[in-house]
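Where a number appears in this text, it was derived from the coordinates with a stated rule and is not lab data. Predicted model, so just to flag it, every value in this text is computed and none were measured. Every residue, glycine among them, receives a Cβ derived from its backbone with ideal geometry; neighbour counts consider all protein chains shown.
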Amino acid sequence: MEISSFVNVTLLATTFTTLFVIMDPPGTIPVFLALTSRYSTRQKQRAAVLATATSFGVIVLFAVLGRYILQFLQISMESLQLSGGVLLFIVAIQLLMSNEYEGHGEPADAGADGGSHRVNAALVPLGTPLLAGPGAIVAVMISVEQGSNTIPGWTAVLAAVILMHLVIWLTMRFSLTLSRLLGEGGIMILTKVAGLLLAAIATQMMMNGLFQFIAHSKEMGVI
């Protein structure tokens with residue numbers, strides 16, 4: 001049997017690429033290093049696992065239930081694509097215009113609540129909204145719709161999400177080594193390239209939403 005009967009390879013590649021650009025694993029390196037600067041090696045490894053698991057759980061939750069949430073709130077897919085495109089475009093502009101990393105604050109000193117703080121830092125802001133942010137959630141929900149709720153479609157989206165989070169975990173797991181290899185300039189360049197690609201993806205997303213809205217309106221006889 002052909003692989004296309006089990007997984008939509010095109011959708012898998014598109015979803016993975018979109019998530020990679022949005023979630024920007026290289027760009028998480030300075031954030032992760034700043035938030036875990038006072039952690040031991042073992043604590044950094046645990047934080048990487050918790051952050052990755054949190055992001056994965058949030059994204060899968062919205063991938064499965066996002067459609068029903070939209071139906072309950074009476075939000076059309078066209079509206080989601082347009083608003084998602086605008087949101088991603090704003091993020092892209094921020095990536096392109098930023099000159100340096102703006103930290104989320106230094107980690108608190110390890111004391112009586114040091115363990116609790118380390119868990120919280122791994123969940124928020126690392127797990128969400130840094131990784132599982134609105135952009136990634138919207139992108140996955142749209143990919144699910146593009147898969148037309150078929151087995152190959154679901155397999156493609158799930159595989160893309162798993163692969164993406166494997167990359168994220170490896171990036172944070174070896175963040176110190178990657179930071180030394182890329183350097184501040186290398187991370188900045190990758191961030192700018194990610195911003196440019198994200199702007200193009202956002203524009204295409206808005207165009208798709210607009211075209212679908214026009215086509216749907218014509219079918220309904222509105223225009």
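Among the residues of the range 183-202, is there at least one that is touching a residue at least 24 places away in the same chain (Cβ under 8 Å), surrounded by 14 or more Cβ atoms within 10 Å (Cβ to Cβ), hydroxyl-bearing (Ser, Thr, Tyr) and out of contact with any Ser or Thr (no Cβ under 8 Å at 6 or more places or on another chain)? No, the range 183-202 contains no residue that is touching a residue at least 24 places away in the same chain (Cβ under 8 Å), surrounded by 14 or more Cβ atoms within 10 Å (Cβ to Cβ), hydroxyl-bearing (Ser, Thr, Tyr) and out of contact with any Ser or Thr (no Cβ under 8 Å at 6 or more places or on another chain).
Among the residues of the range 8-36, the ones that are assigned to a loop (DSSP other than H, G, I, E, B) and of a type in the set (S, T, N, Q) come to 2 in all.
One residue stands out among those in the range 15-41 that are among the β-branched types (Val, Ile, Thr) and free of Cβ contacts under 8 Å to residues at least 12 places away in the same chain: the one that is surrounded by the most Cβ atoms within 10 Å (Cβ to Cβ), which is THR17.
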